[in-house]
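Trainee: Below is a structure I'd like to ask you about.
The values are calculated or read from the model by the stated rules, or taken from the named source; none is laboratory data. Just so we're clear, the structure is a prediction, and the values are computed from it rather than from any experiment. Here Cβ is always computed from backbone atoms with ideal geometry, including for glycine, and neighbour counts include all displayed protein chains. Areas reflect the complete protein model, heavy atoms only, side chains present, ligands, DNA and RNA absent. Shrake-Rupley method; radii C 1.70, N 1.55, O 1.52, S 1.80 Å.
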Amino acid sequence: MIHVRNISKTYHFPHTVHALVNVSTNVEPGEVVVVIGPSGSGKSTLIRCLNRLEIADEGHIFIDEIDVLDPKTNINKLRAEVGMVFQSFNLFPHKTALENITLAQQVVRKRSFKEARENAMALLHKVGIPDKANVYPDHLSGGQQQRIAIARALAMNPKVMLFDEPTSALDPEMIGGVLDVMKTLAREGMTMVVVTHEMGFAREVADRVMFMDEGKILEVGPPEHFFTNP
Ligand code: ADP
Ligand code: ADP
C-alpha cells in the first residue's frame, strides 16, 4: 500500500539537518506500523513526506497507485486518500463538530450536503460522541476534539491513515478514548502509520514497529522484538 524508496530530506534553515537519509520501507494493506525513536530522529518528517506536507528531496513514494512526488499529482486528492491526524487538532473553531466533518466531503469529494451529513453522523457514532454534533470545538475536551479530527479524516474514505503523536497534547484521562478509536480502525483493517510514545498501544496493536535514529530506519520488527512482555 505504501512504497518508500530511497527518500532523503535535508532542511537548510536554520541549520543543515539531514532529517531523512536514504530511507526505504513498505507498508502492506491493512498493516499497522508504529514509528518510534528519539526526538529529532525524523519520524515526523517521514510521515509528513507521505502526504507531501514535506517534499522529499529525492527518491520515490507511492501510495497505492498515487505517485506522491509527481508534481502533477493532485494535492487535495492525495490528502483525501492519505488522512492525517496531528498532535494539535486543527479544527475550524467557527464550525460545529458536524460541520468540521462535512465540509471537506462537500468540497473535495463533491458529496451533497445530505450525503456528507449522514456520513458525518455515522462517523460521530463511530468515534463515540454522536451527542456532540452541534457543539463548537472550544466546548469539547481535547480528547473529543481529536476524535472529531479522526472522523474528519475518515470522512474522506482514505486508503491510509497517518497519526503524528495523536495523544501527546492530551490530558492523561483523555488518551484512552482516542487510542480506543485507533484500535477499532486497526481491527477493521485500516492501513496505519502511527508515530507515538504509547508503548502499550505499540505492543497491543502494531503489526510492526519501526525504530528510527538520525534520519534512518535502524530496525523494523514485530513488537515482541522491541518490548518484553510485562
Ligand atoms: P521527530 O519527529 O523524530 O522528532 P522530526 O522529523 O520532527 O523528528 O525532525 C527531524 C530533524 O529535522 C530535527 O533535527 C528537526 O529539528 C529538523 N526539522 C524538522 N522540521 C524542520 C523544519 N521545518 N525546518 C528545519 N528543520 C526541521
Ligand atoms: P517490494 O518488492 O520491495 O515490495 P514492489 O515490487 O512492490 O516492491 O515495488 C517495486 C517498485 O515499483 C518500487 O520501486 C516501487 O517504488 C514501485 N511501485 C510500487 N507501487 C507502484 C505503483 N502503484 N505504481 C508505480 N510504481 C510502483
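Trainee: Could you grab the relative contact order for region 36-82? Cα pairs under 8 Å, six or more apart, rounded to a whole percent.
Mentor: Values: 30 pairs, mean separation 12.9, N = 47.
That works out to 27 percent.
Trainee: If I take all pairs of Cα atoms in region 16-104, what percentage of them are more than 23 Å from each other?
Mentor: Details: 1348 of 3916 pairs.
Summing the P(r) of region 16-104 above 23 Å gives 34 percent of all pairs.
Trainee: Ok, one more. If you wrap a convex hull around the Cα atoms of region 130-214, how much volume per residue is inside, in Å³? Don't jump to the answer; show the numbers that get you there.
Mentor: Values: hull volume 10.4 nm³, N = 85.
So the per-residue hull volume is 122 Å³.
Trainee: Another question, then. Straight distance only, please: which aspartates and glutamates reach the Cα of Lys132 with their own Cα at less than 17 Å, same-chain residues fewer than 8 apart left out?
Mentor: In chain and number order, the partners are Glu99, Glu118.
Trainee: Further question: Using 26 Å as the Cα-Cα cut-off, could you pick out the over-long pairs in Lys72/Lys216; Lys95/Lys126; Lys43/Lys183? Walk me through the numbers on the way to the answer.
Mentor: On the way: Lys72/Lys216 28 Å; Lys95/Lys126 20 Å; Lys43/Lys183 21 Å.
From Lys72/Lys216; Lys95/Lys126; Lys43/Lys183, over 26 Å: Lys72/Lys216.
Trainee: Among all stretches of the chain without exposed trypsin sites (Lys or Arg not before Pro) (DSSP loop, at most 10 other Cβ atoms within 10 Å), which one is longest?
Mentor: Here the longest run is 111-230.
Trainee: Sorting Met121, Met212 by accessible area (1.4 Å probe), largest first, what list results? Before the final figure, lay out each step's value.
Mentor: Details: Met121 55, Met212 0 Å².
Descending order: Met121, Met212.
Trainee: How much accessible area per residue does the chain have, in Å², with a 1.4 Å probe? Display every interim value, and only then the final one.
Mentor: Details: 11130 Å² over 230 residues.
Per residue, the chain has 48 Å² of solvent-accessible surface.
Trainee: Looking only at the chain, where both bridge partners belong to it, what percent of the DSSP beta bridges are antiparallel (to the nearest 5)?
Mentor: Details: 19 of 36 bridges.
Percentage antiparallel, nearest 5: 55.
Trainee: Leaving out ligands, DNA and RNA, and with a 1.4 Å probe, what % of the accessible surface on the chain is carbon or sulfur? Don't skip to the end; give the middle numbers.
Mentor: Numbers: 5670 of 11130 Å².
C and S fraction of accessible area: 51 percent.
Trainee: Where in the chain are the DSSP H helices whose C-alpha atoms run 27 Å or more along the long axis and whose mean Kyte hydropathy is at least 0.0? Spell out each step's value before the answer.
Mentor: Details: long enough: none.
Counting only whole DSSP H runs, no helix qualifies.
Trainee: Got the relative contact order for the chain handy, in percent, Cα pairs under 8 Å and 6 or more residues apart?
Mentor: Values: 439 pairs, mean separation 65.0, N = 230.
For the chain, the relative contact order is 28 percent.
Trainee: Keeping all protein chains in position, work out how much accessible area Met1 exposes to a 1.4 Å probe, and write it in Å² to the nearest 10.
Mentor: 40
Trainee: Could you give the alpha-carbon Rg of the chain over 2.2 N^0.38 Å, rounded to two decimals?
Mentor: Compactness ratio reported: 1.01.
Trainee: For a quick check, take a GNM of the chain with Cα springs below 10 Å and name the residue from Leu103, Leu185, Leu53 with the largest mean-square fluctuation.
Mentor: Maximum fluctuation in the GNM of the chain, among the listed residues, is at Leu53.
Trainee: Could you state the number of Å between the C-alpha centres of region 19-84 and region 88-115?
Mentor: Region 88-115 and region 19-84 have Cα centres spaced 24 Å from each other.
Trainee: Summing Lys, Arg as +1 and Asp, Glu as -1, what charge do residues with Cβ under 13 Å from the Cβ of Ser88 carry, Ser88 excluded?
Mentor: Result for the neighbourhood of Ser88: -2.
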